Amino acid sequence: MGRIFIYLCCLFLSLDAWAQYSFSGRIIDCSSQQPLVGATVEFVSLKRTIQTNEQGHFLFDNLPKGTYPIYISQEGYKGKFFRITLKKSEKNYTFAICKDKEIEVEEITVTATRTEKNLKNVPITVQVITSEDIRKSQATNFQTFLENEFSGINFTYRGNSSPDINMMGFGGKYVLFLVDGERMGGESFDNIDYDRINLDNVERIEIIKGASSSLYGSNALGGVINIITKNSQKPIEMNAGYLYDTNKDHKIDFTIGSKQKWGNIRLTSFYKLRTPYWLTDTEGLKVTYPDGRVVEGEKGKINIAGFTIYSVSPKIGFDFSPKLKLSFTPTYYFSERNPGTEISNKIRDRYYDYSLAMNAKYLINENKELSFSGSFDRYEKYDYFVRLKEKEKNYESTIWKVGSQYNQALYGKHSFVAGIEANSDGLMSFRFNNEGTSAKQNAYTYSLFTQQDWALSPAFTLVTGLRMDYHSLFKEYFTYRLSGMFKIEEFTFRGGYSTGFRSPTLKELYTNWFHAPGGGFQIMGNKKLQPETSNNFNFSVELNTKKWNVTAMTQYSVVTDKIAYVWTQSNDTLHYTNFSGKTGVIGSEVSATYRPIHALRFKASYAYYNIEKRKSEERPHTFTLKAEYIPVNNRKYIPNVLISGKYVSANHLYGTDNGSETYSYYEPYSIWRLQLSSKLPYKMTISAGINNLLGYQSKTNTFYSSISPGRTYYAGLKWNL
């Protein structure tokens, strides 16, 4: 009898252990309380996944007894873990997740103050672009995205389509590009290689316009663009995509990642291919002389280079404890440029980049944090001999950086940042001597910096900053910042003063190169160059309501000892020099976002800049407009619709002929885009659109005209797990 009782108990217990339960509920938006359609609910350990229906409901059957973590996510929302215990069938649970804010004032920013803050509380004018903005744009490359998103950022294209950035009157050598806070190496014509940036791996982009040398040192005289890459947010995530443009552009991307208790890992890769093409003039370049004569040159054509590009970038983060976190990000990048000319059948340019970034953060307590960082970036350029299948290095830029930073919250409302950095710049180039052989130059910088945010009242915040840079060639330079923010009802006012400096690059100091093509001329560096310094004044006002976000900003910079190149006709020499006196740069921008209903948004911006006493090849006025329709909860089959356009004003390019000043007129133009995308079953998204909707083509094609071949069409497919 006892044995029978024991057997019955064991049977009862086993039945209880293997009991099958159901679990149901719904997912809602934490703000609107509306149900979310297509949200993903995942029992992580059981590897069971389901999506919510049109009422936001879900149902799991045949679940064993136990305690389980579930992960709830939705595109455009912040994923969140919950823990449930099943002892019986559970019904009608409600879970709320929060959407990433559409208007940028809620985004976290770290660039302007080197500490995490909501953008609405940052006393320095910062613009933030989110991954959701990037996804909706369907942009194929980084520079096209920035051009379409900001009126104050434009690109011109040199021969073979090398892009030159202009941000509110400052060129590429004045804009510091960072990836996760670390400086990017390699530059060509004063610009970085923008093709290295994979938009599908960008969480957000933070942009500071105006001098930021007090936090970031040299090269930040005109501003900072910090690109923050993504971390894995789900236990298992994977996406793959393909995009084709009738301009014979192909892009393939693939990402796989995982977030676990120990940390997260993410591997991102992409491949891009473009066939070279030619642009043919319909009119010759017209040159106007002082006496009013207009002479039209011969019609010509320029080639726009094609390329083959691929990159692989793993990112690994370790959460050793709630206080200690460590991350590593190595990256490999390859690019081969094909100009499409006769010589390209024999020789082409190849570019390689190897980089590694490391960051460690230790939370001393809830108010104090200590971080350490280190980075290495080596960018190389080779001549690749196609028929011989051999290559010869002619350029190498190497950057090392180590640093430490201490953050502390004071009295619950103030913050204090202090740091130390050491940087090494090395440049190897065959342009350092007339013999055409390679030579190498180096420079070192050691820096101390500090910045304080003082919340003097709920309405007024003050920022003070100081940095000392000791350059191995130019000794010490001090830069300062004083900024303030004042809030009154729906308005936020920001203003301040900052100083900047930029040390001459190794290229500007040591170049000694004879350029044989085109009749031949000499490019000469100048070892007597002095660093540029600046005084920057800025002011902005922001209006933020439920439906409107309007920002107007203006800045005025006075640059002393501005470095530029000067052409000497008598001996056909282009040499670098410091302009005497002061050069004023003024830039203004107005942007507005209006959302009449949740699914509809309009955005417009206008920018103007002027360089005093200088004749610039850049266009002074730009205007952008965007209208987007995003269905509520991104329902399947109902397309997102986005129309965007950019207008750039006319400009004059000045030159000389027999001692007389001449100019060429470049017409204004606008380029529009239509983009459609729709969610499909099985986590697929299809996209299609028209680039250059009105089919604009420049009548005369030069370095300072549009390189669009006219209207093109694109289509793409993306899968997200």
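Structure notes:
- Filtered by the rule that a residue be under 25 Å from the mean Cα position of the chain (by Cα) and surrounded by 19 or more Cβ atoms within 10 Å (Cβ to Cβ), the stretch 270-297 gives PHE270, LYS272, ARG274.
- Subset of the stretch 111-138 (residues that are closer than 21 Å to ALA418 by Cα and of a type in the set (Asp, Glu)): GLU116
- Residues satisfying the stated conditions in the stretch 194-206, i.e. surrounded by 22 or more Cβ atoms within 10 Å (Cβ to Cβ) and acidic (Asp, Glu): GLU206
- Tally of residues being closer than 11 Å to TYR576 by Cα and either in contact with a helix residue (DSSP H, G or I) (Cβ under 9 Å, 6 or more places away or on another chain) or not in a strand (DSSP E or B) (or both) across the stretch 520-529: 6
- Meets criteria (touching a Lys or Arg at 6+ places or on another chain (Cβ under 8 Å) and either modelled with pLDDT under 90 or buried (at least 16 other Cβ atoms within 10 Å of the Cβ) (or both)) for VAL585: no
- Residue-level check: of (1) in a strand (DSSP E or B); (2) polar (S, T, N, Q); (3) under 29 Å from VAL294 (Cα atoms); (4) out of contact with any Gly (no Cβ under 9 Å at 6 or more places or on another chain), SER678 misses just (3).
Condition check ((1) under 24 Å from GLU589 (Cα atoms); (2) of a type outside the set (A, V, I, L, M, F, W, C); (3) in contact with an Asp or Glu (Cβ under 8 Å, 6 or more places away or on another chain)) across all residues:
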site: THR492; (1), (2), (3): yes, yes, yes
site: THR499; (1), (2), (3): yes, yes, no
site: GLU508; (1), (2), (3): no, yes, no
site: GLY525; (1), (2), (3): no, yes, yes
site: THR533; (1), (2), (3): yes, yes, yes
site: SER540; (1), (2), (3): yes, yes, no
site: MET553; (1), (2), (3): yes, no, yes
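- Residues that are assigned to a loop (DSSP other than H, G, I, E, B) and within 14 Å of LYS440 (Cα to Cα) within the stretch 372-395 are absent altogether.
- Residue list for the stretch 634-655, restricted to those being assigned to a strand (DSSP E or B) and under 24 Å from SER706 (Cα atoms): LEU642, ILE643, SER644, GLY645, LYS646, TYR647, VAL648, ASN651, HIS652, LEU653, TYR654, GLY655
- Flag for THR450 being assigned to a strand (DSSP E or B), surrounded by fewer than 20 Cβ atoms within 10 Å (Cβ to Cβ), of a type in the set (Val, Ile, Thr) and in contact (Cβ under 8 Å) with a residue 24 or more places away in the chain: yes
- Scanning the stretch 227-240 for residues that are crowded, with 19+ Cβ neighbours inside 10 Å, assigned to a strand (DSSP E or B) and not acidic (Asp, Glu) yields ILE227, ILE228, THR229.
- Restricted to the stretch 253-332, the set of strands (runs of 3 or more DSSP E) holding at least 1 residues that are under 20 Å from MET238 (Cα atoms), assigned by TED's automatic domain parsing to the domain that holds THR140 and β-branched (Val, Ile, Thr) comprises 263-274, 306-319.
- Residues (polar (S, T, N, Q) and either over 15 Å from HIS598 (Cα atoms) or outside the structural domain of GLY79 (by TED's automatic domain parsing) (or both)) located in the stretch 24-42: SER24, THR40
- Number of residues in the stretch 396-429 that are surrounded by fewer than 17 Cβ atoms within 10 Å (Cβ to Cβ) and more than 12 Å from THR450 (Cβ to Cβ): the value is 11.
- Filter pass, ILE72 being among the aliphatic types (A, V, I, L, M), at pLDDT 85 or above, under 19 Å from LEU721 (Cβ atoms) and buried (at least 17 other Cβ atoms within 10 Å of the Cβ): yes
- Restricting attention to the stretch 481-495, the residues that are touching a Gly at 6+ places or on another chain (Cβ under 9 Å) and basic (Lys, Arg) add up to 2.
- Within the stretch 678-691, residues that are over 14 Å from LYS136 (Cα atoms) have Cβ atoms under 8 Å from residues that are aromatic (Phe, Trp, Tyr) in these pairs: LEU680/TYR637; TYR682/TRP719; LYS683/TRP719; MET684/TRP719; ILE690/TYR713; ILE690/TYR714; ASN691/TYR713; ASN691/TYR714, counting only partners at least 6 apart in sequence or on another chain.
Residues are listed down the side, and each one gets a yes or a no for (1) surrounded by fewer than 17 Cβ atoms within 10 Å (Cβ to Cβ); (2) modelled with pLDDT of 90 or more; (3) over 24 Å from GLU187 (Cβ atoms); (4) among the charged types (D, E, K, R):
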| position | (1), (2), (3), (4) |
| --- | --- |
| LYS299 | yes, no, yes, yes |
| TYR310 | yes, yes, no, no |
| SER321 | yes, no, yes, no |
| SER335 | no, yes, no, no |
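- Condition met for LYS546 (part of a loop (DSSP other than H, G, I, E, B) and under 22 Å from THR398 (Cβ atoms)): no
- Top-ranked residue of the stretch 147-161 - restricted to ones that are in contact with a helix residue (DSSP H, G or I) (Cβ under 9 Å, 6 or more places away or on another chain) and of a type outside the set (Asp, Glu), ranked as nearest to HIS414 (Cα to Cα): ILE153
- Single residue of the stretch 176-226 satisfying the filter (polar (S, T, N, Q) and assigned to a helix (DSSP H, G or I)) that is modelled with the lowest pLDDT: SER213
- Picking from residues in the stretch 40-56 that are among the charged types (D, E, K, R) and out of contact with any Lys or Arg (no Cβ under 9 Å at 6 or more places or on another chain), the one that is surrounded by the most Cβ atoms within 10 Å (Cβ to Cβ) is ARG48.
- Within the stretch 148-169, not a single residue is surrounded by fewer than 20 Cβ atoms within 10 Å (Cβ to Cβ), at pLDDT below 80 and under 22 Å from ALA455 (Cα atoms).
- Selection over the stretch 605-642 of residues that are at pLDDT 90 or above, surrounded by fewer than 19 Cβ atoms within 10 Å (Cβ to Cβ) and within 17 Å of TYR669 (Cα to Cα) gives a count of 4.
- Among the residues of the stretch 141-159, not a single one is of a type in the set (Ser, Thr, Tyr), in contact with a Gly (Cβ under 9 Å, 6 or more places away or on another chain) and more than 24 Å from ASN359 (Cβ to Cβ).
- In this entry, SER31 passes the filter for residues that are of a type in the set (Ser, Thr, Tyr) and at pLDDT below 85.
- Residue within the stretch 617-633 that is touching a Pro at 6+ places or on another chain (Cβ under 7 Å), assigned to a loop (DSSP other than H, G, I, E, B), assigned by TED's automatic domain parsing to the domain that holds THR551 and of a type in the set (A, V, I, L, M) present: no
The values are calculated or read from the model by the stated rules, or taken from the named source; none is laboratory data. Only a predicted model underlies this, so the values are computations on that prediction, with no experimental measurement involved. Every residue, glycine as well, gets a Cβ built from its backbone with ideal geometry; the counts of neighbours run over all protein chains shown.
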